[in-house]
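> Sharing a structure below in structure tokens format, with a few things to ask.
The values are calculated or read from the model by the stated rules, or taken from the named source; none is laboratory data. For clarity, every value in this text was computed on a predicted model and none was experimentally measured. Note: ideal-geometry Cβ built from the backbone for every residue, glycine included; neighbour counts use all protein chains shown. Surface accessibility is based on the protein's heavy atoms, side chains included, excluding ligands, DNA and RNA. Shrake-Rupley method; radii C 1.70, N 1.55, O 1.52, S 1.80 Å.
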Amino acid sequence: MIIDKISLSNFRNYDRLDIKFEKNMNIIIGNNAQGKTNILESIYVLALTKSYKQGIEENFIKFNENFTKIKGIIKTDKLKKDLEIFISLKGKKIKVNNNEIKKLSDYISNLNIIMFTPDDLEIIKGSPSFRRNLLNIQISQISKRYLQAYNEYNKILKIRNEYLKILYINNLADFSYLDILTEKLIDKAIIVYQERQKYIDQINLNIPFIYENIIGLKNIRLIYETNVDFKTFEAEEIKKKLLEKYQQNKQRELVQGITLYGPHRDDFSFFIGDKNLKLFGSQGQQKIAVLSYKLAEISIFEQKLKTKPVLLLDDIFSEIDIKKRNKILAYINKDIQSIITTTDLKNINKKMLENAVIFEIKNNKVERK
Ligand SMILES: Nc1ncnc2c1ncn2[C@@H]1O[C@H](COP(=O)(O)OP(=O)(O)OP(=O)(O)O)[C@@H](O)[C@H]1O
Ligand SMILES: [Mg+2]
């Protein structure tokens, strides 16, 4: 899959911008605050209908304007699609080939992307909820089963938590209803655990090769950290262990009024050998680990979706030494479309740029070199 063209109206610092991308590597060069990240953000919004940045959607709209529009033309081997997102103070409208789409879940997957932003270092440094959120976004793009189970899990979790509070203040309330909720919760938890485990396993198949290739360090892997010790991720085992936990902690759950065990408490870490990268990794090692993780996703997406995603890489070269910059480019310089932003191309090996087109961005205008 490639994104052939984008047209922005009133998006962040742009009143109007049209770019035609090439099918391989596209590099956007510009000084700070010129609007490089904004271009990638607009493509992210076109793919997922919302931003990875915090804040309300009205922030997309150029200052002093009252709407923004992002249009894109997507091409795969077989077809071409026009996507459009219109956002005003009144809300959001989404169109595919000029037909309005009402249901978000019907829209996602028209444009598949993998994005790296400097904020993604939070994948290592940030809170568990940041990582869980990432798992949800990524696995939802490739598994409807996951998306459904996860949404239902959350609904039941909320009801169960409410019910624990009721039980605590009202001794006459019905404990058997709690058992029913627990049973339902476990049913969905099984799917969430299994899909997350499968996804992390697949990342682990790909990431060591990529990381070693760029930075020369062996044995990187992700460790899935559930707050219940499972011997396997078989349904029976998950059910048995979760039931045990809920039994043993009934009183604590009642007092606190929350469900203490389950995938809503999951986490994962990056390890090199037996060292946790969060505690021992340098800034560059961490950045390359996150980037390798993103690149490891390419083949997972490809397997599931039967097409390659578009890679959006924001500011990938800062804090990375020259040798590794070239290694990264060598890895990306394959049969995949990438859109990369950087402030400069100093010391980049010319050979790496043979397949690349370069856009320079200055004063809200983009010029193809
Ligand atoms: N809604 C908006 N309306 C107008 N301008 C905006 C809006 N939102 C952000 N901007 C401006 O867009 C400019 C470009 O931001 P962007 O983050 O894309 O820069 P950048 O080229 O990625 O810079 P850096 O190299 O520092 O990352 C900023 O100066 C910002 O103030
Ligand atoms: Mg930027």
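> Take the range 237-250 and flag every residue that is part of a helix (DSSP H, G or I) and either open to solvent by less than 60 Å² (accessible area, probe 1.4 Å) or not polar (S, T, N, Q) (or both). Break it down into steps so the answer makes sense when it comes.
Looking only at the range 237-250, we keep the residues that are part of a helix (DSSP H, G or I), and these are 237-248, 250.
Of everything in the range 237-250, those that are part of a helix (DSSP H, G or I) and either open to solvent by less than 60 Å² (accessible area, probe 1.4 Å) or not polar (S, T, N, Q) (or both) turn out to be GLU237, ILE238, LYS239, LYS240, LYS241, LEU242, LEU243, GLU244, LYS245, TYR246, LYS250.
> Another question, then. From the list SER292, SER269, which one is in a helix (DSSP H, G or I) and over 30 Å from LYS165 (Cα atoms)?
The conditions single out SER292.
> Suppose we filter LEU181, LEU217, LEU172 for residues that are out of contact with any Ser or Thr (no Cβ under 8 Å at 6 or more places or on another chain), on the phi < 0 side of the Ramachandran plot, open to solvent by less than 60 Å² (accessible area, probe 1.4 Å) and at pLDDT below 95; which single one remains?
On the way: LEU181 fails: at pLDDT below 95; LEU172 fails: open to solvent by less than 60 Å² (accessible area, probe 1.4 Å).
From the options LEU181, LEU217, LEU172, the qualifying one is LEU217.
> Give me a count of the residues in the range 220-236 that are free of Cβ contacts under 8 Å to residues at least 40 places away in the same chain and either crowded, with 16+ Cβ neighbours inside 10 Å or small (Gly, Ala, Ser) (or both).
1
> When you go through LEU83, LEU40, LEU79, LEU48 one by one, which is the residue that is within 16 Å of ligand 1 (Cβ to nearest atom) and either over 23 Å from the mean Cα position of the chain (by Cα) or in the same structural domain as PHE11 (by TED's automatic domain parsing) (or both)?
Numbers: LEU83 fails: within 16 Å of ligand 1 (Cβ to nearest atom); LEU79 fails: within 16 Å of ligand 1 (Cβ to nearest atom); LEU48 fails: within 16 Å of ligand 1 (Cβ to nearest atom).
Being within 16 Å of ligand 1 (Cβ to nearest atom) and either over 23 Å from the mean Cα position of the chain (by Cα) or in the same structural domain as PHE11 (by TED's automatic domain parsing) (or both) holds for just one of LEU83, LEU40, LEU79, LEU48, which is LEU40.
> So the check is Cβ under 9 Å with 6+ separation or different chains; which pairs have a first residue in the range 315-337 that's within 20 Å of LYS36 (Cα to Cα) and open to solvent by 70 Å² or more (accessible area, probe 1.4 Å) and a second one that's modelled with pLDDT of 90 or more and among the small types (Gly, Ala, Ser)?
Close Cβ pairs satisfying both conditions: GLU319/GLY284.
> Just checking, does the range 54-68 include any residue being outside any helix (DSSP H, G or I), among the polar types (S, T, N, Q), under 25 Å from LEU305 (Cβ atoms) and open to solvent by less than 60 Å² (accessible area, probe 1.4 Å)?
Filtering the range 54-68 for residues outside any helix (DSSP H, G or I) gives 54-56, 61-68.
Narrowing the set further to residues that are among the polar types (S, T, N, Q) leaves 54, 64, 66, 68.
Okay, now just the ones that are also under 25 Å from LEU305 (Cβ atoms), so none.
Scanning the range 54-68 turns up no residue that is outside any helix (DSSP H, G or I), among the polar types (S, T, N, Q), under 25 Å from LEU305 (Cβ atoms) and open to solvent by less than 60 Å² (accessible area, probe 1.4 Å).
> Okay, next question. Condition test on ILE114, is it away from ligand 1 (no atom under 16 Å from the Cβ), buried (at least 20 other Cβ atoms within 10 Å of the Cβ), more than 24 Å from ALA296 (Cβ to Cβ) and not small (Gly, Ala, Ser)? So that I can check it myself, show each step before the final result.
On the way: away from ligand 1 (no atom under 16 Å from the Cβ): yes; buried (at least 20 other Cβ atoms within 10 Å of the Cβ): yes; more than 24 Å from ALA296 (Cβ to Cβ): no; not small (Gly, Ala, Ser): yes.
Against the criterion (away from ligand 1 (no atom under 16 Å from the Cβ), buried (at least 20 other Cβ atoms within 10 Å of the Cβ), more than 24 Å from ALA296 (Cβ to Cβ) and not small (Gly, Ala, Ser)), ILE114 does not qualify.
> When residues of the range 133-192 are filtered for being more than 34 Å from the chain's Cα centre (by Cα) and closer than 25 Å to ILE203 by Cα, how many remain?
0
> What tally of residues in the range 16-38 results from selecting those that are assigned to a loop (DSSP other than H, G, I, E, B), crowded, with 17+ Cβ neighbours inside 10 Å and within 13 Å of ligand 2 (Cβ to nearest atom)?
Count: 2.
> Condition (residue is in contact (Cβ under 8 Å) with a residue 60 or more places away in the chain, in a strand (DSSP E or B) and hydrophobic (A, V, I, L, M, F, W, C)) applied to the range 72-90: is it met by at least one residue?
Within the range 72-90 (the criterion being in contact (Cβ under 8 Å) with a residue 60 or more places away in the chain, in a strand (DSSP E or B) and hydrophobic (A, V, I, L, M, F, W, C)), the answer is yes, since at least one residue qualifies.
> Check ILE156, ILE142 and return the single one that is in the same structural domain as ILE191 (by TED's automatic domain parsing) and touching a Phe, Trp or Tyr at 6+ places or on another chain (Cβ under 7 Å).
Numbers: ILE156 fails: touching a Phe, Trp or Tyr at 6+ places or on another chain (Cβ under 7 Å).
Result of the check over ILE156, ILE142: ILE142.
> Follow-up. Conditions: (1) surrounded by 15 or more Cβ atoms within 10 Å (Cβ to Cβ); (2) near ligand 1 (Cβ under 9 Å from one of its atoms); (3) without any contact (Cβ under 8 Å) to a residue 12 or more places away in the chain. ARG12 meets all but one. Number of the miss?
(3)
> Sticking with this structure for a sec: Are there any pairs with C-beta distances below 6 angstrom linking a residue in the range 39-50 that is part of a helix (DSSP H, G or I) to a residue that is within 12 Å of ligand 1 (Cβ to nearest atom) and at pLDDT 95 or above, with the two at least 6 apart or on different chains, and if so which?
Listed by first residue and then by second, the contacts come to LEU40/ASP314; SER42/LEU8; SER42/PHE11.
> Also, quick follow-up: Do you know which of the residues in the range 142-169 that are over 30 Å from LEU111 (Cβ atoms) and of a type in the set (A, V, I, L, M, F, W, C) is most open to solvent (accessible area, probe 1.4 Å)? Don't jump to the end; show me each part of the working.
Let us first name the residues in the range 142-169 that are over 30 Å from LEU111 (Cβ atoms), namely 156-169.
Pick out the ones that are also of a type in the set (A, V, I, L, M, F, W, C) and you get 156-157, 159, 164, 166-167, 169.
Working: ILE156: 25, LEU157: 18, ILE159: 81, LEU164: 2, ILE166: 79, LEU167: 3, ILE169: 145 Å².
Among residues in the range 142-169 that are over 30 Å from LEU111 (Cβ atoms) and of a type in the set (A, V, I, L, M, F, W, C), the one most open to solvent (accessible area, probe 1.4 Å) is ILE169.
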